[in-house]
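Take a look at the structure set out below.
Derivation of every value follows stated rules applied to the coordinates shown; laboratory data play no part. From a predicted model like this one, the values you see are computed outputs, not experimental measurements. We place every Cβ from the backbone using ideal geometry, glycine too, and count neighbours over all the protein chains shown.
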Amino acid sequence: MVEDMVRWHLRPGYLGDFKVPSERAVFRYFRDAKDEAASILLLSIADQRATRGPLSTTEDLHHHVKTCKMLIEKFFEKKSEKPVVRLITGHDLIKKLKLKPSPLFAQILREVEEKQALGKVTNRAEALALAKKIAKV
């Protein structure tokens with residue numbers, strides 16, 4: 001837990017570099033930070049105030065807090081939603097695409113999961129088509 005918080009506590013600052021972080025960036029933050037996402041956001045605010053001090057303008061501080069607040073709200077919204085069911089699994093990659101198990105599986109499944117979360121892949125056929133494209137088969 002503490003290790004994850006330390007590892008990811010700068011990430012919200014990077015997301016705050018944009019007026020509005022992309023859906024993809026937000027998805028990846030939550031995917032990587034997992035259940036500690038809200039705690040990491042609070043740590044990020046505290047860290048910015050403690051380490052940046054006079055180097056931060058009032059505008060910078062407000063923007064960082066605003067970004068973190070938006071992410072905390074999204075975190076709790078996502079917590080109340082039903083978990084997303086994977087459209088395909090490693091077994092599908094073996095059976096449907098005739099692939100042999102390899103590290104490529106993780107890459108394919110992560111990308112399909114990301115596109116599904118962003119609404120760009122909505123069914124099994126689209127997921128398999130994307131997997132085929134990534135695998136170049």
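Could you list, in their original order, any pairs among Lys78/Lys136; Lys100/Lys132; Lys78/Lys100; Lys78/Lys115; Lys34/Lys115 whose Cα atoms are separated by more than 22 Å?
Values: Lys78/Lys136 33 Å; Lys100/Lys132 13 Å; Lys78/Lys100 34 Å; Lys78/Lys115 16 Å; Lys34/Lys115 18 Å.
Long pairs (Cα-Cα over 22 Å): Lys78/Lys136; Lys78/Lys100.
Give the dimensionless ratio obtained when the Cα radius of gyration of the stretch 21-137 is divided by 2.2 N^0.38 Å. Display every interim value, and only then the final one.
Numbers: Rg = 18.6 Å, N = 117, 2.2 N^0.38 = 13.4 Å.
That works out to 1.38 for the stretch 21-137.
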| query | Volume per residue, Å³, of the convex hull around the alpha-carbon atoms of the stretch 90-135? | reply | 58 Å³
| message | If Rh is defined by the Kirkwood formula over all Cα pairs and Rg also comes from Cα, what ratio Rg/Rh do you get for the stretch 2-80? | response | 0.95
| message | Testing the spin-label approximation: label points 7 Å from Cα along Cα→Cβ at Leu118 and Lys69. State their distance in nm. | response | 2.8 nm
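Suppose R0 equals 30 Å; then what is the FRET efficiency for His91 and Arg24 from their Cβ-Cβ distance, rounded to the nearest 0.05? Mind dumping the intermediate values first?
Values: r = 27 Å, r/R0 = 0.90.
Efficiency at R0 = 30 Å is approximately 0.65.
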